[in-house]
Amino acid sequence: MKHGISYSRLMLEKISNITNELEIRGIRSVVLNDLAISLYGIIKPVDEIRILVEGKELDTIAYVVAKELGMSIYQRDIYNSLRTLGKAVINPVLIPLTILEITRSPIDTGILVNRIRFTYKELYIYVPQIEYLICKLLTYNAYPYNIYAYALMIVHKEIIDRGVIKRLLKDTNIDLDKIMENISRIKSIIELFPELSNENT
């Protein structure tokens, strides 16, 4: 580990290196889940690093990721997992569990098309546009991803394009009525704590 470098900086550096190397080779990528959620203001421990990559040149993707994570001996395993399963799970030494996903659905393609560049000094990664991140989290249909999706909806309600959200939910066959029901339930829970209202702060 570099002298004086923070753990979060090390993690961002590793992912930025992967992103940069893939971009040089014409392969787009986007960071999903924990890190993207944190960059949108929902601060949480980064338990996993999940990267969505274009479903092409899988051998190149496996080479870049294995090299940057210092796991070149597993390059063939990463390639085989991407080819047969559409994803690969890697357990690096210095950063959290890393999961690669290749694009397999229209929302995945939309995420890559509508990505946003996040830059910190000389480092950069791409994250999904907020509407796409929310819907991607909901497609997992599992805890805690759904909770993070609702939290992002509430925190960013002023800037979210509701038309885009509605279209994406429809395109991914997510029950909009169920989503609204869950949001109403969360709202009713929040209203049990009036002292948390902005009017009282």
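Within the shell defined by Cβ-Cβ distances under 15 Å, the residues around residue 124 carry a net charge of +1, with Lys and Arg each +1 and Asp and Glu each -1.
To the nearest 0.05, how large is the calculated FRET efficiency for residue 42 and residue 122 if R₀ is 35 Å and r is the Cβ-Cβ distance? Efficiency, rounded to the nearest 0.05: 0.85. Summarising the label geometry, the points placed 7 Å from Cα in the beta-carbon direction at residue 154 and residue 170 lie 2.8 nm from one another.
Amide H to amide H distances under 5 Å link residue 97 with 49, where only residues 5 or more positions off or on other chains count and H is placed in the peptide plane.
Taking every C-alpha pair closer than 8 Å and separated by at least 6 residues, the mean separation divided by the residue count of the range 87-201 gives a relative contact order of 15 percent.
Count Lys and Arg as plus one, Asp and Glu as minus one, and take only other residues whose Cβ is under 9 Å from that of residue 29; the net charge is then 0.
Under a Cβ-Cβ cut-off of 14 Å, what is the net charge of the residues other than residue 151 that fall near it, where Lys and Arg count +1 and Asp and Glu count -1?
Here the count lands on +3.
Taking 7 Å steps out from each Cα toward its Cβ at residue 113 and residue 143 produces label points 3.6 nm apart. In whole percent, how big is the carbon plus sulfur part of the accessible area of the range 1-90, probe 1.4 Å, protein atoms only? Carbon and sulfur together cover 50 percent of it.
Between helix 176-190 and the chain there is an angle of about 70 degrees, using the helix long axis and the longest principal axis of the Cα atoms. Here the range 136-200 is treated as a Stokes sphere of Kirkwood radius computed over C-alpha pairs; at 4 °C and 1.567 mPa s its diffusion coefficient rounds to 100 µm²/s. Evaluated at q = 0.08, 0.16, 0.17, 0.19 Å⁻¹, a Debye calculation over the C-alpha positions of the chain (equal weights, vacuum) places log10 I(q)/I(0) at -0.30, -1.06, -1.16, -1.37.
The relative contact order of the chain comes to 18 percent, based on Cα pairs under 8 Å that sit 6 or more residues apart. Between the alpha-carbon centres of the range 42-56 and the range 82-160 there is a gap of 6 Å. With each label modelled as a point 7 angstrom along the Cα→C-beta vector, the residue 76-residue 104 pair spans 2.4 nm.
Which angle from 0 to 90°, rounded to the nearest 10, does the C-alpha axis of helix 130-139 make with the longest principal axis of the chain? The answer is roughly 90 degrees.
In summary, the lysines within cross-link reach of residue 136, defined as a Cα separation below 19 angstrom excluding same-chain residues under 8 places away, comprise 44, 87, 157, 166, 170, 178.
The values are calculated or read from the model by the stated rules, or taken from the named source; none is laboratory data. The structure presented is a predicted model; accordingly, all values stated were derived computationally and were not measured. Note that we place each Cβ from the backbone using ideal geometry, even for glycine, and neighbour counts take in every protein chain shown. The protein model used for the area step is the full one, side chains on, heavy atoms only, and it has no ligands, DNA or RNA in it. Shrake-Rupley method; radii C 1.70, N 1.55, O 1.52, S 1.80 Å.
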